[in-house]
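Comments concern the structure below.
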Amino acid sequence: MGYNCKIAVIGLGYVGLPLARLFATKFAVVGFDINQKRIEELRKGIDSTLEVEQAALNEVLISKNTISTEVETQNTNGLYCTNQLEDIADCNYYIVTVPTPVDKNNRPDLTPLYKASETVGKVLKKGDVVIYESTVYPGVTEDECVPVLERISGLKFNVDFFAGYSPERINPGDKEHTVDKILKVTAGSTPEIGQKVNELYQSVITAGTHLAPSIKVAEAAKVIENSQRDINIAFVNELAKIFSLMNIDTKAVLAAAGTKWNFLPFKPGLVGGHCIGVDPYYLAQKAQELGYHPEIILAGRRLNDSMGEYVASQVVKLMIKKGISVNGASLLMLGITFKENCPDVRNTKIIDVVRALQDYGISITVFDPLANPIEVKKEYQINTTKEIPDMQFDAVVLGVAHAEFLTMDLSKFQKTISVVYDVKGILGANVDGRL
């Protein structure tokens, strides 16, 4: 890739920042994000998503002057973070890593992709390559994003500029399976560009790459990864409901079944976040546009989306059995983020549990040492705390398996007669119920 490769990463969230930092170990990289506060924090080496440690970030951070004056004469490595469009004007590889959410009706919302494409289109030049990492249904890159690039730039696709796709495989909060250690799927809008995109990622991804024959194949591969997980988790969630009615320990059943070599080790749980809980809707939407109703995919989504109310009903049943008056009872919810050891609260399914319990008249205290109370309040209109509560409750629900919770003495939060419910199945035998 050599001396003329200068990369712009558009969107510095959970996906973009780790990728930008990794590329910055070998290339000149400009990280672009519209969030000024985020840029100010990153320039100080602070990553509020906790994906990149401060020391690792500081190792690659460089000043604007360094990257703008030296990169043209030598292969300067480093990362400059900015929210100014002119700072990415001289890049020749643009990697888009913005989120792809769904709206309130679970329909794909491509607004972030459109806006990112408009941003890139304003600085796009002949010979440039635009690579998308956002999870989408097959066809979005070439049918939705490329036309925006053409319209804004005035350039012609596959003549003046080119496109690539390399779906993100970031696992938020996972310090073992980092971006460089996860095999990367790559693709290009022409065979030659496919090779270039593949070589670019090969230069930093130690786990290797897989060059797909087309962008649509790479897009489809990504969207079915999370759909497959969603369906499998829906299956074990349904098993958990059945075995609960039969008074059988689901965890013990899965442990016994797991002794067979080809049994898949999925566990029941709340499926949230901005990947598994969202991506199946992208594939379903495209299928429905083509006149096909995807029964299994949507059935899995319906079941997983129902688990919050199911957990709440199980907690209430346990409280009633112990003679606890439900209306007016106090409950401690441990965790509000969408997964363990991660501060991200987007599309967390814990909120479904909280709201269902509130409908029963239960007063809830949400304690999460990682979640930002301001973000939670803005997103869900509920109050949370990062401080350990100094009181006892009628019920304690472990919703998220943060490392801090694993060694916590829950008895100090319990009244003499109380209920402990373990959503994650990690607390051992001293619980009244688990999913």
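Considering only protein heavy atoms, what per residue accessible area in square angstrom results for the range 274-385 with a 1.4 angstrom probe? Mind showing how you got there, number by number?
On the way: 4930 Å² over 112 residues.
Dividing the accessible area of the range 274-385 by its residue count gives 44 Å².
Which order do Lys241, Lys412 take when ranked by solvent-accessible area (1.4 Å probe, heavy atoms of all protein chains), largest first?
I get Lys412, Lys241, largest accessible area first.
If a/c stays under 1.5 just call it rounded; otherwise compare a/b with b/c (prolate if a/b is bigger, oblate if not). Do that for the range 231-388, with a ≥ b ≥ c from the square roots of the Cα gyration tensor eigenvalues.
oblate
Between the DSSP loop rule and a limit of at most 16 other Cβ atoms within 10 Å, which chymotrypsin sites (Phe, Trp or Tyr not before Pro) in the range 239-298 are left?
Answer by residue number: Trp261, Phe263, Tyr292.
Going by amide H atoms built from the backbone, whose H comes under 5 Å of the H on Lys26, apart from near neighbours?
Under 5 Å from the amide H of Lys26: Gly78.
Local charge sum around Ile46 (other residues, Cβ-Cβ under 10 Å, Lys/Arg +1, Asp/Glu -1)?
Values: positive: Arg38, Arg43, Lys44; negative: Glu40, Glu41, Asp47.
Summing Lys/Arg as +1 and Asp/Glu as -1 gives 0.
If Lys and Arg each add +1 and Asp and Glu each add -1, what is the summed charge of the other residues whose beta carbon sits under 13 Å from the beta carbon of Glu289?
Summing Lys/Arg as +1 and Asp/Glu as -1 gives 0.
When a/c is below 1.5 the answer is rounded, else prolate if a/b is larger than b/c, else oblate, so apply that to the range 165-306 with a ≥ b ≥ c taken from the square roots of the Cα gyration tensor eigenvalues.
In terms of gyration-tensor shape, oblate.
For Ile131, list long-range residues whose amide hydrogen, built 1.01 Å from N in the peptide plane, is under 5 Å from its own amide hydrogen.
It is Tyr94, Ile95, Val96, Gly164, by chain and number.
Note the full-extension length gain between Asp143 and Gln36 as 0.36 nm times their separation in residues minus their Cα-Cα distance, in nm to one decimal.
Extending this stretch completely gives an extra 35.4 nm.
At Asn83 and Val159, where each label point lies 7 Å from the Cα along Cα→Cβ, what is the point-to-point distance in nanometres?
My value for the distance between the label points is 3.8 nm.
So the label point goes 7 Å from the Cα of Ser306 along Cα→C-beta, right? Which residues of the range 337-372 then have their backbone N under 16 Å from it?
The answer is 353, whose backbone nitrogens lie closer than 16 Å to the label point.
Among the lysines, select those whose C-alpha is under 24 Å from the C-alpha of Lys104, and discard any that sit fewer than 8 residues away in the same chain.
Result set, ordered by chain and number: Lys115, Lys222, Lys286, Lys339, Lys349, Lys377, Lys378.
May I ask you to rank Ile224, Ile34 by accessible area, largest first, using a 1.4 Å probe over the protein chains only? Provide the component values of the computation, followed by the final result.
Numbers: Ile224 95, Ile34 145 Å².
Final ranking, largest accessible area leading: Ile34, Ile224.
Based on alpha-carbon atoms only, what is the radius of gyration of the chain relative to the globular estimate 2.2 N^0.38 Å?
1.07
Output wanted: per-residue J couplings in Hz (rounded whole) for the range 277-289, from phi through Karplus 6.51 cos²θ - 1.76 cosθ + 1.60, θ = phi - 60°, x for Gly and Pro.
So the J values, rounded to whole Hz, are x, 10, 4, x, 5, 5, 5, 5, 4, 5, 4, 5, 4.
Excluding residues on the same chain fewer than 8 positions from Lys415, give the lysines whose Cα lies under 18 Å from its Cα.
The reachable lysines, counting only those whose Cα sits under 18 Å from Lys415, are Lys317, Lys321, Lys322.
Do any GluC sites (Glu not before Pro) in the range 361-396 lie in a loop, going by DSSP, with at most 15 other beta-carbon atoms within 10 Å of their beta carbon, and if so which?
Those satisfying the criteria are Glu387.
Any idea of Lys115's accessible area? Nearest 10 Å², probe 1.4 Å.
Probe radius 1.4 Å; accessible area of Lys115 about 120 Å².
Order these peptides, 155-162, 101-108, 191-198, 245-252, by their mean beta-carbon neighbour count within 10 angstrom, highest first. Mind showing how you got there, number by number?
Values: 155-162: 15.8, 101-108: 13.5, 191-198: 18.0, 245-252: 12.0.
Top of the packing list down: 191-198, 155-162, 101-108, 245-252.
Output ³J(HN,Hα) for the range 426-435: one whole-Hz value per residue in order, computed from phi by the Karplus curve 6.51 cos²θ - 1.76 cosθ + 1.60 with θ = phi - 60°, and x for Gly and Pro.
Running phi through 6.51 cos²θ - 1.76 cosθ + 1.60 with θ = phi - 60° gives 10, 8, x, 8, 7, 9, 8, x, 8, 6 Hz.
Relative to the longest principal Cα axis of the chain, at what angle does helix 307-321 sit, 0 to 90 degrees, rounded to 10?
With rounding to tens, the tilt is 20 degrees.
On the protein heavy atoms, probe 1.4 angstrom, tell me the percent of accessible surface of the range 307-435 carried by carbon and sulfur.
47 percent
Using the Cβ atoms and a cut-off under 14 Å, what net charge is assigned to the surroundings of Lys126, where Lys and Arg are +1 and Asp and Glu are -1?
For residues surrounding Lys126, the net value is -2.
Lys126: which lysines have alpha carbons under 17 Å from its alpha carbon, excluding same-chain residues fewer than 8 sequence positions away?
List returned: Lys6, Lys156, Lys196.
Tell me which residues come under 5 Å, amide H to amide H, from Asp344 once H is placed; ignore anything under 5 positions away on its chain.
Sorted by chain and number, the residues that satisfy this are Phe338.
Give a residue-ordered list of calculated ³J(HN,Hα) values for the range 30-47 (Karplus: 6.51 cos²θ - 1.76 cosθ + 1.60, θ = phi - 60°; whole Hz; x for Gly, Pro).
10, x, 10, 8, 6, 7, 5, 4, 4, 4, 4, 5, 5, 5, 8, x, 9, 10
The values are calculated or read from the model by the stated rules, or taken from the named source; none is laboratory data. In this text, all values refer to a predicted model and were calculated from it rather than measured experimentally. Heads up, the Cβs are rebuilt from the backbone with ideal geometry, glycines too, and the neighbour counts pull from every protein chain shown. These accessible areas exclude ligands, DNA and RNA; they are computed on the full protein's heavy atoms, side chains included. Shrake-Rupley method; radii C 1.70, N 1.55, O 1.52, S 1.80 Å.
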